[in-house]
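Okay, so here's the structure we're looking at.
The values are calculated or read from the model by the stated rules, or taken from the named source; none is laboratory data. Predicted model, so just to flag it, every value in this text is computed and none were measured. Glycine gets a Cβ as well: all are built from the backbone with ideal geometry, and neighbour counts include every protein chain shown.
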Amino acid sequence: MSAGLAVGAFQLRVTRAALLLFAFMVWGNVAAGAQQDGDNNNSRVNVLHVQGNVYMLDEPGLNNISLQVGEDYIIVVDAGEAELGDELIAAIRSVSNKPILFIANTSSDADHIGGNARLSKEGWALPNADAPGRDPAVSAAAISGKLQEGAVIIGHKNAMNRVITGNLASNTSVTYGDEGFQLYNKEPILFYPKKAAHSDGDTVVFFRDSEVLSVGELFSPISYPVIDPNEGGSVAGIINAMNDLISLMVPKENEEGGTYVIPGHGWLCDRNDIVNYRDMLTIIRGRIQDMVRKGMKLPQVKAAQPSFDYDPIYGPTTGPWTTDKFIETLYHEVANDKVQQGRKE
């Protein structure tokens, strides 16, 4: 590498690191003020009103939960960690005391479904069906129809099969296939399945009037995507999902604001963040594809650091998902694609 390129790369790293530090500072201020949004003083879960009917609930350092509040009931996307269930309920109740109609799981990951059982107890499959003055036949019909008391769990059939197998859904689970479906709380709520992305059962939930997307593990502003090939995941699927999200989102001036994205982890994002993430993944994959075409093996690819300029933003070196694991997963995916193409030829 020439001196000019080395200096340029160093400046790029410093600039990205500075931007990352600034983003953390901004999010810290938002999170600190989020307590005031819901007057939520008894919970570590922060509450942030995004826009329209949608709120973002942040389990600090862990997960994000989406909350849509209507006149008759509440809809929750993802359930967070099991041990924070009571605190999550306190955060929800700081916004509304309405029953939870359903809990949508964007994936079968433990940190997204851990609170299913606790949250379900706060709901009812037919909101207010047992309220005073309501026809008793309504409740009886719900029970005879095998709708137990409590909020229903909803998700893609592949994810729900894993949730049910793990006995993590305490109530009736409703699944859907590739067609998706709509539910209304005076607002269209659209479910989009994303094939072969983080896994084979990912779901994007789009609150259309509020212009907010809840995307779970498909996107994170603080990490490379977590891919589970054993459950049908792929980087190619993540890139396709990013392109789909971009086509749904409408930015405001200078690519800021407009349609917002609630990621599974990290801070609230907009279309520009998704575009940057898509471009980052496409660039790193392209570099590894070139290395594989040249016959480089995995140790050589790792030594070449194909993601070096993005690592300060997305590349953790410790924890369950590191840059090393991401590069290894992407390498095997690209190498397998090359083998498949060779067989076709």
Scan segment 71-82 and give yes if some residue there is under 22 Å from PRO188 (Cβ atoms), surrounded by fewer than 17 Cβ atoms within 10 Å (Cβ to Cβ), modelled with pLDDT of 85 or more and more than 20 Å from the chain's Cα centre (by Cα), otherwise no.
yes
Does SER199 count as in contact with an Asp or Glu (Cβ under 7 Å, 6 or more places away or on another chain) and closer than 17 Å to SER108 by Cα?
yes
Looking at the structure I just gave you, is PRO306 without any contact (Cβ under 8 Å) to a residue 60 or more places away in the chain, in a loop (DSSP other than H, G, I, E, B) and farther than 30 Å from GLU81 by Cα?
yes
Within segment 186-230, the residues that are free of Cβ contacts under 8 Å to residues at least 40 places away in the same chain and surrounded by fewer than 19 Cβ atoms within 10 Å (Cβ to Cβ) are PRO188, LEU190, ARG208, ASP228, ASN230
Which is modelled with pLDDT of 50 or more, of a type outside the set (S, T, N, Q) and under 22 Å from PRO312 (Cα atoms), of LEU19, LEU57, LEU48, LEU62?
LEU62
Quick one: SER107 ticks every box in (1) closer than 17 Å to VAL204 by Cα; (2) modelled with pLDDT of 90 or more; (3) hydroxyl-bearing (Ser, Thr, Tyr); (4) part of a loop (DSSP other than H, G, I, E, B) bar one, so which box is it?
(2)
Being hydrophobic (A, V, I, L, M, F, W, C) and modelled with pLDDT under 90 is the requirement here; does ILE89 meet it?
no
